[in-house]
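Worksheet for the structure shown next.
The values are calculated or read from the model by the stated rules, or taken from the named source; none is laboratory data. The structure presented is a predicted model; accordingly, all values stated were derived computationally and were not measured. Cβ sites come from the backbone with ideal geometry, for glycine too, and all protein chains shown count toward neighbours.
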């Protein structure tokens, strides 16, 4: 019985220590101390000398004090293990504040960046997009040889501004802290050995990326070209560009004049009304205009409200609770009856206002949510959340707002990446892939250590609905607003959008797909204040799809 009690006390101490090690929140230290104290009591119970009454009092006292010292020694040992091994990363990165308000950080963190060869970032063909070169003084400096991919990769400025995008989210791989042999990485961390960071292989094709930048020609906007089946990003470009080389700053490498130049460039970027630091493909939020009709159509068809041949009446004007919607897209003012296919192809706002009212606010909200509106897209780095309406679903119970939302002019915002995913779900039989741009982690010899991507995020619609939606996009390309997207020998479809923003020229949208040679690609293009989508965004989308299909090697 006594042996069982001793074993139970020892086991309880081990369980308490395990719980303490697992704590990682802001109260971890207090929780750990409580667990450590409790484990000490249990260890004392487990090891306390028994049946010592027959021993001389000196011997008995000596045994008891020895047990107490042994327990204390064990607790100190466990505490050292936690501080030096388990919590080493958190301790190194800890930030404090001096009484005078100055922020105090561990200088070794910044000094390590000087001494470490940070991993490279490569395009899908091995072209170097971010590199680390050794200076004459033996320290290392981050460089970005290709400006077209600079904002996608992000900046790296450990002394002043930190990092962003891929440089931020894949820090552990690029710094060599994660991705290889865990035992070796752990030992290097304990011994503070110099390590070389691991390389990252992207899905991006630099030639396509450069082409996207050239097509935007300095106009604020974005281009997203994605493989519809895998979710691999072949191009993800935003304008205006900025030069991440001019933001690089590390401890001891810059004199006062150079540091001032970095700070001046940062201030210039932040003062620019075009907001170049906002990476538009993932962080830009825009009114989708008529491209949102893909969501409204899906809600209508997937719930069985009607089919492509269902007829709606469009007399050129519709009044909804005092809100007058005028039709500007009817191809024939004498024709008033249009099928769903024709309404989508010609982009009839009056019909889509009726569609949204018929499916209702709850159903429209539910399908927008299925497409990812209102939540974080599971991407490799931060994305802005597209919103269905400004506040909540109850707002859609306003019939006039619901009617506007049906054709993409309600209080609704979306990113170019999200609209590319809408098209991908349609082209991929109703399944929406998880988008990704970082595909592999590589060692210095080019061997793949880890691979990412190729996952399905969710099913948005039935496969039959996806086929119907695909037919709508093809109809728009054949005789509707997306005419001109045709590519020889390639099946194409798309939807243009002219998103009114209330002040000045509208945003120009195009979202479409191309299928050939066992490749299924989707594209989303927006040109801010670019006017009509068919005139500005569609030509860009066509060139990108043509170039993407021409490369028949799947990601």
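Results for (1) in contact with a strand residue (DSSP E or B) (Cβ under 6 Å, 6 or more places away or on another chain); (2) surrounded by 14 or more Cβ atoms within 10 Å (Cβ to Cβ); (3) part of a loop (DSSP other than H, G, I, E, B), shown as yes or no for each residue.
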{"position": "301", "(1), (2), (3)": "no, yes, no"}
{"position": "304", "(1), (2), (3)": "no, no, yes"}
{"position": "308", "(1), (2), (3)": "no, yes, yes"}
{"position": "319", "(1), (2), (3)": "no, no, no"}
{"position": "328", "(1), (2), (3)": "no, no, yes"}
{"position": "331", "(1), (2), (3)": "no, no, yes"}
{"position": "351", "(1), (2), (3)": "yes, yes, no"}
_Just checking, does region 498-506 include any residue being part of a strand (DSSP E or B), buried (at least 18 other Cβ atoms within 10 Å of the Cβ) and touching a strand residue (DSSP E or B) at 6+ places or on another chain (Cβ under 9 Å)?_
yes
*Can you name every residue in region 127-149 that is crowded, with 22+ Cβ neighbours inside 10 Å and assigned to a helix (DSSP H, G or I)?*
149
_Options 475, 514: the member that is in contact with a helix residue (DSSP H, G or I) (Cβ under 7 Å, 6 or more places away or on another chain), surrounded by fewer than 23 Cβ atoms within 10 Å (Cβ to Cβ) and in contact (Cβ under 8 Å) with a residue 24 or more places away in the chain_ = 475
_Residue in region 482-497 that is surrounded by the most Cβ atoms within 10 Å (Cβ to Cβ), counting only those that are farther than 19 Å from residue 221 by Cβ and over 29 Å from the mean Cα position of the chain (by Cα)_ = 490
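May I ask you to verify whether residue 423 is at pLDDT 90 or above, in contact with a strand residue (DSSP E or B) (Cβ under 7 Å, 6 or more places away or on another chain), part of a helix (DSSP H, G or I) and surrounded by 22 or more Cβ atoms within 10 Å (Cβ to Cβ)?
Values: at pLDDT 90 or above: yes; in contact with a strand residue (DSSP E or B) (Cβ under 7 Å, 6 or more places away or on another chain): yes; part of a helix (DSSP H, G or I): yes; surrounded by 22 or more Cβ atoms within 10 Å (Cβ to Cβ): yes.
It is true that residue 423 is at pLDDT 90 or above, in contact with a strand residue (DSSP E or B) (Cβ under 7 Å, 6 or more places away or on another chain), part of a helix (DSSP H, G or I) and surrounded by 22 or more Cβ atoms within 10 Å (Cβ to Cβ).
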*Identify, from the list 261, 271, 249, the residue that is surrounded by fewer than 17 Cβ atoms within 10 Å (Cβ to Cβ) and modelled with pLDDT under 95.*
261
*Considering region 239-253 alone, what residues qualify as being in a loop (DSSP other than H, G, I, E, B) and touching a strand residue (DSSP E or B) at 6+ places or on another chain (Cβ under 6 Å)?*
248, 249
*For region 150-183, name all the residues that are touching a strand residue (DSSP E or B) at 6+ places or on another chain (Cβ under 9 Å) and either assigned to a strand (DSSP E or B) or within 14 Å of residue 242 (Cβ to Cβ) (or both).*
150, 151, 152, 153, 154, 155, 156, 157, 162, 163, 164, 167
*For region 476-491, name all the residues that are in contact with a strand residue (DSSP E or B) (Cβ under 8 Å, 6 or more places away or on another chain) and assigned to a helix (DSSP H, G or I).*
476, 477
*Take residue 522 and decide whether it is at pLDDT 90 or above and farther than 25 Å from residue 341 by Cβ.*
no
*Verdict on residue 360 being in a loop (DSSP other than H, G, I, E, B), at positive phi and crowded, with 16+ Cβ neighbours inside 10 Å*: no
